[in-house]
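Take a look at the structure below.
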Number of protein chains: 2
Amino acid sequence: MKRYRIYITAKQGIFDPAGVTAQEALANLDFAGVQSVRIGKLIELQANNDVNVEAVERMCQKLLANPIIEDFQIEEDEADL
Amino acid sequence: MKRYRIYITAKQGIFDPAGVTAQEALANLDFAGVQSVRIGKLIELQANNDVNVEAVERMCQKLLANPIIEDFQIEEDEADL
């Protein structure tokens, strides 16, 4: 079995309202010094051994990410399963 | 400035409906071989240099994560800013 971690983040310049809200909430809770919060997604995908990183990239393009406004990065987890 | 990446995932055994839906949608799109999809959060936090990892951990406990059902892992990004 293979395991992939996919990191999905809003592209630079894309407004992230959830992140701004979290940043304001942190300030209200007296956590000082936080300058920016951006909230993206972390997807953990387990698949058969014949699913390669190119297939995972196609999954991101078609479904898991929104390539118009999001960047994604795929990492194969080498840990034994 | 310091930059932290926070990885938030559902604890083992906690049902992740969004992940199950994504997995089914991948199968419907003819992506074969995917055994499980779990969707968590990736938070990128920029803060002043006096914000240490313990402070970020408190932020997770109090606001950014839900420690009842989620695990979180904090990574300091060493890249120069």
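The values are calculated or read from the model by the stated rules, or taken from the named source; none is laboratory data. Small disclaimer: the values here were computed from a predicted structure and weren't measured. All Cβ positions, even for glycine, are placed from backbone atoms using ideal geometry, and neighbour counts span all protein chains on display. All accessible areas refer to the heavy atoms of the entire protein, side chains included, with ligands and DNA or RNA removed. Shrake-Rupley method; radii C 1.70, N 1.55, O 1.52, S 1.80 Å.
Hey, can you tell me all the residues within the stretch A:21-54 that are within 18 Å of the chain's Cα centre (by Cα), over 15 Å from B:M59 (Cβ atoms) and aliphatic (A, V, I, L, M)? The answer is A:L42, A:I43, A:L45, A:V53. Checked against the criterion of being within 9 Å of chain A (Cβ to nearest Cβ), out of contact with any helix residue (DSSP H, G or I) (no Cβ under 8 Å at 6 or more places or on another chain) and farther than 14 Å from A:I39 by Cα, the stretch B:70-77 has no qualifying residue. Only residues that are more than 7 Å from chain B (Cβ to nearest Cβ) and of a type in the set (D, E, K, R) were counted across the stretch A:21-44, and they come to 2.
For the stretch A:1-20, the tally of residues that are open to solvent by less than 20 Å² (accessible area, probe 1.4 Å), at the interface with chain B (Cβ under 9 Å from one of its Cβ atoms) and part of a strand (DSSP E or B) stands at 2.
Only one of the listed residues (A:E57, A:E78, A:E70, A:E44) is surrounded by 12 or more Cβ atoms within 10 Å (Cβ to Cβ) and out of contact with any Lys or Arg (no Cβ under 7 Å at 6 or more places or on another chain). That residue is A:E57.
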